[in-house]
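Notes for the one structure printed next.
The values are calculated or read from the model by the stated rules, or taken from the named source; none is laboratory data. Only a predicted model underlies this, so the values are computations on that prediction, with no experimental measurement involved. Note: ideal-geometry Cβ built from the backbone for every residue, glycine included; neighbour counts use all protein chains shown. These area figures cover heavy atoms from the full protein model, side chains too; ligands, DNA and RNA do not enter into them. Shrake-Rupley method; radii C 1.70, N 1.55, O 1.52, S 1.80 Å.
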Amino acid sequence: MKGKTVYIKTFGCQMNEHDSERMLGILYSMGFNEVDEPKKADIIIFNTCAIREKAEQKFMSSLGRIKHLKRRKPELKIIVAGCSAKLQGERLVNKAPFIDYIIGPDNISILGKIIENNSEEKIFIDENSEIAYFDFPTLRKDNVKAWVNIIYGCNNYCAYCVVPFTRGRERSRPFEKIYNEIKRLGEEGFKEVTLLGQNVNSYQHENIDFPLLLEKISEIEGIERIRFVTSHPKDLSEKLIYVMKNNPKVCEHIHLPLQAGSDRILKLMNRKYSYEEYMRKIQTLRDNIPDIAITSDIIVGFPQESDEDFEKTISALTEIQFDGIFAFKFSARPGTAASKLEGKINEDIKAKRLMEVLKLQDNITESKNKKLEDTIQEILIEGENEEGFTFGRTRTNKIVKLTSHFPSGKIIKVKIKKANRHSLEGIVI
Ligand code: SAH
Ligand code: SF4
Ligand code: F3S
């Protein structure tokens with residue numbers, strides 16, 4: 001398939017971004033090249049997200065915009081992959097008959113076969129156990145940092161969340177596969193890996209659990225920094241905190257989604273921890289790793305969230321002082337337990353609550369960043385931003401802009417001169 005081209009657009013989380021790297025890897029190994037405009041492509045892939053209604057709407061309008069291309073070029077293949085593909089399946093083809101293939105997150109390993117055989121079958125969304133074992137010829141854009149999948153799917157069924165329906169049952173990838181991939185990345189010059197999973201803390205392959213996995217991969221030469229997302233608070237163990245504290249390669253940052261401050265809402269969300277239990281884990285983290293950055297996710301306007309419940313989220317944010325958060329308005333998703341709950345909150349109240357949360361957190365983030373002024377930080381250079389500034393990240397995952405130029409991949413010490421809300425400015429010492 002020499003000379004053929006692919007355009008890919010990705011929605012959603014890092015998991016999806018990484019799946020796109022894997023799909024591109026497969027197509028490149030078949031002779032395809034990537035192009036930056038749908039009209040130049042022989043294959044168009046939308047790698048979709050279904051987490052909130054808005055994400056699906058965004059994809060549907062992108063899909064509408066390329067419909068005419070198929071009329072001009074009938075041999076063009078339009079592929080919808082990802083979480084919305086899995087969730088909507090045949091319904092998507094009924095809505096948009098010009099789609100050639102629907103490929104769920106579990107089925108991207110057979111993308112090559114589908115294209116090669118010009119498959120007559122259109123829909124590939126069945127659970128596919130091969131995914132955890134398949135060796136993808138991944139095409140990574142970055143050459144300093146790499147994502148590595150360690151666990152697929154999710155068993156947690158948080159009441160609001162579609163992921164257990166889109167990514168299937170939880171499956172840990174065999175240890176040897178992970179180790180070999182990271183070893184290769186080290187040899188290729190990558191400096192940082194981020195281990196990916198919906199709930200990395202429940203990784204288990206034979207006798208290797210998540211803390212042991214971290215220990216083992218930290219022995220790999222060349223890899224200087226190890227990160228991971230996401231940790232479910234209920235499974236965050238003392239053993240993991242111990243490894244974070246003692247292993248110099250494991251970075252001092254954890255993303256630990258709280259979702260809400262009210263125990264009543266946490267229970268309705270099926271999160272399986274109380275605010276007090278969450279707080280105890282934060283305390284243990286901070287007692288052991290004083291400089292740790294903690295970030296989180298918050299949902300406002302979950303069904304039945306009263307003003308009083310919402311105030312508990314506000315006081316939680318004030319008490320915990322996260323380094324940063326992602327906050328979302330609750331969106332009812334098909335098939336989830338929360339979509340069937342009574343007591344829906346109206347959109348105006350959701351919007352008001354979201355604004356309040358974001359405003360409060362902006363101030364907290366800024367004041368946390370200010371405390372870093374005049375401190376010395378170790379940063380890993382990632383490259384140049386659009387304004388031409390060299391930038392890198394601290395071990396705590398904060399972006400630092402520099403005025404002098406450094407090659408990407410270098411680890412250097414900088415002094416933080418100025419803290420802004422969303423970035424820091426530093427000078428090399
Ligand atoms: N597995 C990860 C991430 C899941 S999706 C975890 O458990 O944390 C990322 C975030 O999207 C969630 O943490 C949650 O805050 C938000 N989210 C998920 N479903 C949502 C919904 N239906 N409405 C609004 N926000 C949602
Ligand atoms: Fe969704 Fe909960 Fe699983 Fe995260 S842990 S993916 S929020 S069901
Ligand atoms: Fe990620 Fe969206 Fe799927 S957040 S797991 S791409 S629903």
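With charges only on Cβ, +1 for K and R and -1 for D and E, what is the dipole size of the chain about its Cα centre, in debye, rounded to 20? Present the calculation step by step, with values, prior to reporting the outcome.
Numbers: 68 positive and 63 negative charges, 194 e Å.
Around 940 debye, computed over the chain.
Under the shape rule built on the C-alpha gyration tensor, where the axes satisfy a ≥ b ≥ c, the chain is oblate, since a/c reaches at least 1.5 while a/b does not exceed b/c. Per-residue surface analysis assigns Y179 an accessible area of about 60 Å², computed on protein heavy atoms at 1.4 Å probe radius. Using the Cβ of M23 as centre and a radius below 12 Å, the other residues enclosed give a net charge of -2, where K and R count +1 and D and E count -1. Positive end of the dipole of region 195-289 (Cβ unit charges, origin at the Cα centre): among Y203, M244, M279, the Cα lying farthest that way belongs to M279. N47 sits among other residues whose Cβ lies under 11 Å from its own Cβ, and their net charge, with Lys and Arg +1 and Asp and Glu -1, is -1.
Ordered by solvent-accessible area of protein heavy atoms (1.4 Å probe), largest first, the residues R140, R22 come out as R140, R22. Name the residue farthest towards the positive end of the dipole of the chain from the options G82, Y101, F330, assuming +1 on Cβ of Lys and Arg, -1 on Cβ of Asp and Glu, about the Cα centre. Sorting the options by dipole projection puts first Y101.
Each peptide among 165-178, 386-399 gets the average number of other Cβ atoms lying within 10 Å of its residues, and from highest to lowest they stand as 165-178, 386-399. Dipole check for region 284-370: with +1 at the C-beta of Lys and Arg, -1 at the C-beta of Asp and Glu, and the Cα centre as origin, the magnitude is about 300 Debye. For region 274-429, the fraction of 1.4 Å probe accessible surface lying on carbon and sulfur atoms is 53 percent.
Please work out how much accessible surface D362 shows to a 1.4 Å probe, ignoring ligands, DNA and RNA, in Å² rounded to 10. Here the accessible area works out near 50 Å².
Taking a ≥ b ≥ c as the square roots of the eigenvalues of the Cα gyration tensor of region 376-428, is the shape rounded (a/c under 1.5), prolate (a/b larger than b/c) or oblate? Can you show the working numbers first?
On the way: a/c = 1.39, a/b = 1.10, b/c = 1.26.
Judged from the Cα gyration tensor, region 376-428 comes out rounded (a/c under 1.5).
For the chain, the Cys residues with no second cysteine's beta carbon closer than 4.7 Å are C13, C49, C83, C154, C251. The overall shape of region 318-429, judged from the alpha-carbon gyration tensor, is prolate: a/c is not under 1.5, and a/b is greater than b/c. Say the dipole of the chain comes from +1 at the beta carbon of Lys and Arg and -1 at that of Asp and Glu; which of I223, S62, L317 then lies farthest toward its positive end? After comparing all options, I get S62. Taking Lys and Arg as +1 and Asp and Glu as -1, the other residues whose beta-carbon sits under 10 Å from that of F328 total +3.
Among the GluC sites (Glu not before Pro) within region 297-374, those in coil by DSSP and having at most 10 neighbouring Cβ atoms inside 10 Å are E342.
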